[in-house]
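The values are calculated or read from the model by the stated rules, or taken from the named source; none is laboratory data. Treat the numbers as computed from the prediction; the structure is a model and nothing was measured. Glycine also receives a Cβ, built like all others from the backbone with ideal geometry; neighbour counts cover every protein chain displayed.
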Amino acid sequence: MADDIELYPRLIFGKTALDEQKVLLVDASGRPIEAIVVQQTTLHPSGAETATVTGSDVDIEPLKAANFYLDVTAVSGTTPTLDVKIQEKDPVSGKYFDLVSFTQVTAIITQRKNYGSGAGELLGKVIRFVATIGGTTPSFTFSLSMVGKA
């Protein structure tokens with residue numbers, strides 16, 4: 001019958017223009033029933049870095065919790081070190097505060113850190129990463145990503 005209305009909600013999977021994976025629960029006419037359920041974001045695509053790098057601001061509203069993944073696939077130099085942290089931006093002062101710090105890297109490794117699963121822990125609206133590289137002629141090939149949940 002042409003006048004029948006689909007009453008069952010459905011999940012819509014897709015990617016944004018920034019290649020972030022998102023999942024929405026929508027009604028029969030495509031209107032969101034809930035906010036974003038899951039968001040995957042690449043903070044640093046796999047690539048070599050030889051000096052400290054600071055990532056761009058990433059708007060992660062309305063996420064409340066996230067897993068952060070650091071994958072180091074190549075290391076060279078004399079006593080190379082890599083310190084990676086995720087920072088949250090204070091919306092009033094514009095200053096950044098450390099949210100998550102990975103264990104210092106000196107060799108190939110994969111690490112995961114989570115934030116927002118405990119009482120009183122909520123992600124802010126804007127985050128970025130800082131990867132501090134030290135040593136003599138150091139080079140690290142790494143990727144950094146996040147999977148967040150509203």
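Below, the figures for the structure above:
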read-out	value
Residues of segment 62-103 classified as under 16 Å from the mean Cα position of the chain (by Cα), surrounded by 14 or more Cβ atoms within 10 Å (Cβ to Cβ) and of a type in the set (D, E, K, R), total	5
Sole exception among (1) touching a Lys or Arg at 6+ places or on another chain (Cβ under 7 Å); (2) more than 16 Å from residue 46 (Cα to Cα); (3) crowded, with 16+ Cβ neighbours inside 10 Å; (4) aliphatic (A, V, I, L, M) for residue 147, by number	(1)
Residues located in segment 83-100, provided they are closer than 18 Å to residue 60 by Cβ and hydroxyl-bearing (Ser, Thr, Tyr)	96
Hey, residue 93 modelled with pLDDT of 90 or more, among the hydroxyl-bearing types (Ser, Thr, Tyr) and more than 17 Å from residue 130 (Cβ to Cβ) or not	yes
Which listed residue, of 106, 132, 141, 110, is farther than 17 Å from residue 73 by Cβ and of a type in the set (S, T, N, Q)	132
